[in-house]
Amino acid sequence: MRKSAVTAAELSSAVRNIPDFPKPGIQFKDITPILADAGLFAGCVDLLCGNFQPGSIDAVVGIDARGFIFAAAVAFKLQAGFVPVRKKGKLPFETHEESYDLEYGSNCVAIHTDALKNGTRVLLVDDLLATGGTAAAAVKLLNKIGAQIIEVTFVIELGFLNGRERLQGANTRSLIVY
Ligand code: AMP
């Protein structure tokens with residue numbers, strides 16, 4: 001295992017660009033090469049934790065599905081709980097739901113109504129910020145529940161899509177911006 005800290009530039013060069021996936025015109029940012037490399041994965045999780053110390057965050061909320069991978073690791077490192085925001089229909093207990101528009105059609109995300117207590121200090125984590133629809137819906141769910149969003153953190157941000165403008169003024173940080 002390497003000793004030096006991983007840089008955002010190293011993470012960026014490990015991301016694999018897949019043209020026209022899952023449909024024509026979309027360039028998919030494949031983060032699996034980061035996950036497969038022990039040093040890069042650990043370094044990426046360190047960078048996601050940023051300046052947060054164990055005890056400063058109560059729960060890390062991850063967004064279905066790639067967000068879970070990073071959020072769970074960040075939660076473990078910060079000694080915080082992990083809470084999933086899932087696609088509608090996947091969570092077994094009572095849920096709050098939030099729908100949002102996609103380019104074609106719409107999507108809906110959900111959180112358990114009892115997942116977080118009012119005022120809980122939360123870090124929201126996802127792999128990638130594109131148009132911001134998904135993260136904005138997750139922010140709305142957290143606001144509905146009364147969680148205190150300390151930061152919304154992404155591995156990758158597609159800056160040219162201005163997704164962060166939709167995050168209702170939440171503190172937003174991304175490791176890599178394209
Ligand atoms: P959006 O709601 O447009 O911000 O899209 C964000 C969600 O869709 C994230 O959960 C990503 O995993 C996924 N996503 C959107 N665009 C891409 C892309 N170009 N490459 C990889 N994942 C993407």
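The values are calculated or read from the model by the stated rules, or taken from the named source; none is laboratory data. Small disclaimer: the values here were computed from a predicted structure and weren't measured. No Cβ is skipped: glycine too gets one built from the backbone with ideal geometry, and neighbour counts run over all protein chains shown. Surface areas here come from the heavy atoms of the whole protein model, side chains and all, with no ligands, DNA or RNA. Shrake-Rupley method; radii C 1.70, N 1.55, O 1.52, S 1.80 Å.
Report, in deg cm²/dmol and to the nearest 500, the calculated mean residue ellipticity at 222 nm for the chain, where each DSSP H run with n ≥ 4 adds -39500 (n - 2.57) and the sum is divided by the residue count.
-8000 deg cm²/dmol
Grab the Cα-Cα distance for Q79 and Q168, subtract it from 0.36 nm times how many residues apart they are, and report the gain in nm with one decimal.
Using 0.36 nm per residue and subtracting the Cα-Cα distance, I get 29.3 nm.
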* To do: Show the residues, 5+ positions off or on another chain, whose built amide H is closer than 5 Å to the amide H of F82.
  => V60
* To do: Answer rounded, prolate or oblate for region 52-177, using the Cα gyration tensor with square roots of eigenvalues a ≥ b ≥ c: rounded when a/c is under 1.5, else prolate when a/b is larger than b/c, else oblate.
  => oblate
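Have a look at the DSSP beta bridges in region 52-177 and tell me what percent are antiparallel, nearest 5.
About 30 percent, rounded to the nearest 5.
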* To do: Could I have the simple spin-label model distance between D46 and E10, label points 7 Å from Cα toward Cβ, reported in nm to one decimal?
  => 0.7 nm
* Say we join alpha carbon atoms closer than 10 Å with springs in a Gaussian network model of the chain; which of S56, S99, S13 then has the biggest fluctuation? -> S13
* To do: Straight distance only, please: which lysines reach the Cα of K77 with their own Cα at less than 24 Å, same-chain residues fewer than 8 apart left out?
  => K3, K117
* **Note, ³J(HN,Hα) from phi for region 89-95, Karplus 6.51, -1.76, 1.60, rounded to Hz, x at Gly and Pro** => x, 9, 8, x, 9, 4, 10
* Asked: In nm, to one decimal, how far is the modelled label at I26 from the one at R2, with both set 7 Å along Cα→Cβ?
  -> 3.0 nm
* **Mean accessible surface per residue for region 52-177, computed with a 1.4 Å probe while every protein chain stays in place, in Å²** => 47 Å²
* To do: Mind checking which aspartates and glutamates have their Cα closer than 13 Å to the Cα of K90? Skip sequence neighbours fewer than 8 apart in that chain.
  => D64
* Inter-label distance for D101 and L161, nm, one decimal - labels placed 7 Å from Cα along Cα-to-Cβ -> 1.6 nm
* **Placed amide H near I176: partners under 5 Å, 5+ positions off or other chain** => I156, E157
* What part of the accessible area of the chain, given as a whole %, is carbon or sulfur when the probe is 1.4 angstrom? -> 53 percent
* To do: Pairs of Cα atoms under 8 Å, at least six residues apart: use those to get the relative contact order of the chain, whole percent.
  => 17 percent
* To do: Quick one: which residues, 5+ away or cross-chain, put their amide H under 5 Å from the amide H of T120? H built at 1.01 Å from N.
  => Q148
* Is region 78-129 best put as rounded, prolate or oblate by its Cα gyration tensor, with a ≥ b ≥ c the root eigenvalues, rounded for a/c under 1.5, and otherwise prolate when a/b is larger than b/c, oblate when not? -> oblate
* Among A80, A72, A14: highest mean-square fluctuation, GNM of the chain, C-alpha pairs under 10 Å -> A14
